[in-house]
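> Here's a structure for you.
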Amino acid sequence: QVQLVESGGGLVQAGGSLRLSCAASGRTFSRNNMGWFRQAPGKEREFVAVINWSSRTDYADSVKGRFTISRDSAKNTVYLQMNSLKPDDTAVYYCAAGPVSWYTNSSPGKYDYWGQGTQVTVSS
């Protein structure tokens, strides 16, 4: 059974940092695009960051320069380091496994496996 399990969410003050982890089990995703998405109350799920098999990355404009995605293929784990957090970053953050591709993909519809999400709350 394939599982993606996120951890590391929590409550933090504006300007603070959090590091999210996504541990995959059931199969290896070392060649897949791995992405982070988020969904705030009343809003659609939106792209945050993606990393491909060669560590090529892409970010949403709203998080560029503040968030960093990385992966440890040996551990089948993906990370999202979030710095300089803002109240607008408050959302449930989801990890997802997408296609095997050189091209990074930001569309949620291209991702086949999803985690259960972890809540990130940034207070002002």
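The values are calculated or read from the model by the stated rules, or taken from the named source; none is laboratory data. Computed from a prediction, not measured in an experiment: that's the story for all the values here. Cβ atoms come from the backbone with ideal geometry, glycine included; neighbour counts cover every protein chain shown. Accessible surface areas use protein heavy atoms only, side chains included; no ligands, DNA or RNA. Shrake-Rupley method; radii C 1.70, N 1.55, O 1.52, S 1.80 Å.
> With (1) over 21 Å from Thr68 (Cβ atoms); (2) touching a Gly at 6+ places or on another chain (Cβ under 9 Å) as the list, and Asn32 as the residue in question, which single condition is left unmet?
Result: Asn32 fails condition (1) only.
> Could we say that Val48 is modelled with pLDDT of 95 or more, of a type in the set (A, V, I, L, M), within 14 Å of the chain's Cα centre (by Cα) and part of a strand (DSSP E or B) here? Walk me through it before giving the result.
Numbers: modelled with pLDDT of 95 or more: yes; of a type in the set (A, V, I, L, M): yes; within 14 Å of the chain's Cα centre (by Cα): yes; part of a strand (DSSP E or B): yes.
Considered against the rule, which asks whether it is modelled with pLDDT of 95 or more, of a type in the set (A, V, I, L, M), within 14 Å of the chain's Cα centre (by Cα) and part of a strand (DSSP E or B), Val48 comes out as yes.
> Can you tell which of Ser106, Ser21 is assigned to a loop (DSSP other than H, G, I, E, B), within 13 Å of the chain's Cα centre (by Cα) and surrounded by 16 or more Cβ atoms within 10 Å (Cβ to Cβ)?
On the way: Ser21 fails: assigned to a loop (DSSP other than H, G, I, E, B).
On inspection, the qualifying residue turns out to be Ser106.
> Considering segment 58-99 alone, what residues qualify as being farther than 29 Å from Gly26 by Cα and among the polar types (S, T, N, Q)?
Ser62, Asn83, Ser84, Thr90
> Sticking with this structure for a sec: How many residues does segment 1-18 hold that are in a strand (DSSP E or B), open to solvent by less than 50 Å² (accessible area, probe 1.4 Å) and under 15 Å from Asp88 (Cβ atoms)? Walk me through it before giving the result.
Here is the first cut: in segment 1-18, the ones in a strand (DSSP E or B) are 3-7, 10-13, 18.
If we keep only those that are open to solvent by less than 50 Å² (accessible area, probe 1.4 Å) too, we end up with 4, 6, 10, 12, 18.
Filter once more, so that each one left must be under 15 Å from Asp88 (Cβ atoms): 12, 18.
The qualifying residues number 2.
> Oh, and also: Among (1) open to solvent by 40 Å² or more (accessible area, probe 1.4 Å); (2) touching a residue at least 12 places away in the same chain (Cβ under 8 Å), there is one condition Val50 misses while meeting the rest; what is its number?
Evaluating Val50 over (1) open to solvent by 40 Å² or more (accessible area, probe 1.4 Å); (2) touching a residue at least 12 places away in the same chain (Cβ under 8 Å) leaves (1) as the failure.
> Looking at segment 53-64, which of its residues are touching a residue at least 12 places away in the same chain (Cβ under 8 Å) and farther than 12 Å from Ser106 by Cα? Please lay out each step first, then the result.
Within segment 53-64, the subset touching a residue at least 12 places away in the same chain (Cβ under 8 Å) is 53-58, 60, 62-63.
Passing the criteria: Trp53, Ser54, Ser55, Arg56, Ser62, Val63.
> Across segment 7-22, what is the number of residues that are touching a residue at least 60 places away in the same chain (Cβ under 8 Å), closer than 13 Å to Gln119 by Cα and of a type in the set (Gly, Ala, Ser)?
Residues flagged as touching a residue at least 60 places away in the same chain (Cβ under 8 Å), closer than 13 Å to Gln119 by Cα and of a type in the set (Gly, Ala, Ser) within segment 7-22 amount to 4.
> Tell me, which residue of segment 24-47 that is more than 24 Å from Ser124 (Cα to Cα) and not polar (S, T, N, Q) is most open to solvent (accessible area, probe 1.4 Å)?
Step one: filter segment 24-47 for residues more than 24 Å from Ser124 (Cα to Cα), giving 24-35.
Now drop any that are not not polar (S, T, N, Q), which leaves 24, 26-27, 29, 31, 34-35.
Working: Ala24: 17, Gly26: 62, Arg27: 93, Phe29: 3, Arg31: 125, Met34: 5, Gly35: 1 Å².
Here the residue is Arg31.
> Looking at segment 58-82, which of the residues that are polar (S, T, N, Q) and either open to solvent by less than 60 Å² (accessible area, probe 1.4 Å) or within 10 Å of the chain's Cα centre (by Cα) (or both) is farthest from Gly117 (Cα to Cα)? Write out each step before concluding.
Let us first name the residues in segment 58-82 that are polar (S, T, N, Q), namely 62, 68, 70, 73, 76-77, 81.
Checking which are either open to solvent by less than 60 Å² (accessible area, probe 1.4 Å) or within 10 Å of the chain's Cα centre (by Cα) (or both) leaves us with 68, 70, 73, 76-77, 81.
Details: Thr68: 18, Ser70: 18, Ser73: 21, Asn76: 17, Thr77: 15, Gln81: 16 Å.
Among residues in segment 58-82 that are polar (S, T, N, Q) and either open to solvent by less than 60 Å² (accessible area, probe 1.4 Å) or within 10 Å of the chain's Cα centre (by Cα) (or both), the one farthest from Gly117 (Cα to Cα) is Ser73.
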